[in-house]
Structures are given as structure tokens and as C-alpha cells.
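The values are calculated or read from the model by the stated rules, or taken from the named source; none is laboratory data. Bear in mind that the values here come from a model prediction, so they are computed numbers and not experimental data. Glycine gets a Cβ as well: all are built from the backbone with ideal geometry, and neighbour counts include every protein chain shown.
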Amino acid sequence: MFTLHKLELAGPSSTVRLTLSEAMLMRAFAEAPEGRLAADRLANIFGLELNTVTKSSLQVRIVRLRKKIYTTGAHGAVIEAIRNVGYQFFEPIEIVKS
């Protein structure tokens, strides 16, 4: 389980700082049914329009977030691309509000 508090993501091993857009993305994954987000929804989170250039930009942002998640102690598939859909987050996320 990952805990999102302010702009920090806490996992089993450590806590990492997130950018505002990464925190918004984690929140969207937490609220999405089955942790799935369509590519156009992801683009909207980052304030982009979906096109070929944007898809590669989304991939880069997902890779950066995935690396931060692994830093917190995650193992295996945490965020995976779902063909013709978008991405899916496979771990539970707890959002701490304060």
C-alpha cells in the first residue's frame, strides 16, 4: 500500500517527494475504477491534448513516476500500459488529507 500525503508518497521502504502533477496522477489512479485511467484522462491531468507527441510525453511521465514508486520499496508491475486504453495502477493507494 502507498500513502499519498501532501506531495509525498510513502511506501514500505521510504518516502519520496512528488511533483504536483505526479500527486494529481496518483490521486486519479486511487479514484479510478480498478486503478485504470484512459490515455485522454491522463493527458487532461497534465494539461495536454492527446496526440502522438503527447503519448510519448505521457510515457516519459509514467516512467519517472514508476521509478519514484520503486524507490519507496515497490516490486513487480505497479503501473502498466493497457493497450488501447491507457494505464493501470495495481497497488492500493491511501490518500491522507490534512
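List of remarks:
- Just so you know, in the stretch 47-81 the residues that are touching a residue at least 60 places away in the same chain (Cβ under 8 Å) and in a loop (DSSP other than H, G, I, E, B) include one that is surrounded by the fewest Cβ atoms within 10 Å (Cβ to Cβ), and it is G73.
- The stretch 1-44, residues that are in contact with a strand residue (DSSP E or B) (Cβ under 8 Å, 6 or more places away or on another chain) and of a type in the set (V, I, T): T3, T15, V16
- Of R17, R27, all but one fail to be exposed (fewer than 14 other Cβ atoms within 10 Å of the Cβ) and among the basic types (K, R); the exception is R17.
- So P92, is it farther than 21 Å from E8 by Cα and exposed (fewer than 13 other Cβ atoms within 10 Å of the Cβ): no
- Verdict on A39 being touching a residue at least 24 places away in the same chain (Cβ under 8 Å) and under 12 Å from Y87 (Cβ atoms): yes
- Test result for L9, in contact with a helix residue (DSSP H, G or I) (Cβ under 7 Å, 6 or more places away or on another chain) and not in a helix (DSSP H, G or I): yes
Okay, residues lined up against (1) modelled with pLDDT of 90 or more; (2) on the phi < 0 side of the Ramachandran plot:
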{"site": "R17", "(1), (2)": "yes, yes"}
{"site": "E31", "(1), (2)": "yes, yes"}
{"site": "G35", "(1), (2)": "yes, no"}
{"site": "G47", "(1), (2)": "no, no"}
{"site": "I62", "(1), (2)": "yes, yes"}
{"site": "G76", "(1), (2)": "no, no"}
{"site": "Y87", "(1), (2)": "yes, yes"}
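- Meets criteria (in contact (Cβ under 8 Å) with a residue 40 or more places away in the chain, more than 22 Å from R17 (Cβ to Cβ) and among the aromatic types (F, W, Y)) for F90: yes
- Conditions (1) part of a loop (DSSP other than H, G, I, E, B); (2) within 20 Å of V78 (Cβ to Cβ); number of the one not met by R27: (1)
- From the list N44, N84, the lone residue that is part of a helix (DSSP H, G or I) and more than 23 Å from G11 (Cβ to Cβ) is N44.
- Number of positions in the stretch 30-39 that are surrounded by 13 or more Cβ atoms within 10 Å (Cβ to Cβ) and in a helix (DSSP H, G or I): 3
- Options I93, I82, I45, I62; residue that is over 13 Å from the mean Cα position of the chain (by Cα) and of a type in the set (A, V, I, L, M): I82
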